């Protein structure tokens, strides 16, 4: 298993049990950061882009538990 996958799974294991939407968003954001590395901002921009332009979708970085 790659280091980034292991790191993402570790984040899910350690913080995924916190209740609250803002914490879950943070966990997802941290997992994406672990998996994308230096391509994080490119990935976020691609996620946010849609049929109505670059801000079609939102990306929530959440709040650390």
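In the set (1) part of a helix (DSSP H, G or I); (2) in contact with a helix residue (DSSP H, G or I) (Cβ under 8 Å, 6 or more places away or on another chain); (3) crowded, with 16+ Cβ neighbours inside 10 Å, residue 62 fails one condition alone, (1).
Which residue, of 5, 28, is assigned to a helix (DSSP H, G or I) and surrounded by 13 or more Cβ atoms within 10 Å (Cβ to Cβ)? Selected residue: 28, the only one of 5, 28 that is assigned to a helix (DSSP H, G or I) and surrounded by 13 or more Cβ atoms within 10 Å (Cβ to Cβ). Candidates 20, 50, 16: the one that is in contact with a helix residue (DSSP H, G or I) (Cβ under 9 Å, 6 or more places away or on another chain) and either closer than 15 Å to residue 65 by Cα or modelled with pLDDT under 95 (or both) is 16. Scanning the range 27-65 for residues that are in contact (Cβ under 8 Å) with a residue 24 or more places away in the chain and either over 13 Å from the mean Cα position of the chain (by Cα) or on the phi > 0 side of the Ramachandran plot (or both) turns up 37, 62, 65.
The values are calculated or read from the model by the stated rules, or taken from the named source; none is laboratory data. Source: prediction; values computed, not measured. Every residue, glycine as well, gets a Cβ built from its backbone with ideal geometry; the counts of neighbours run over all protein chains shown.
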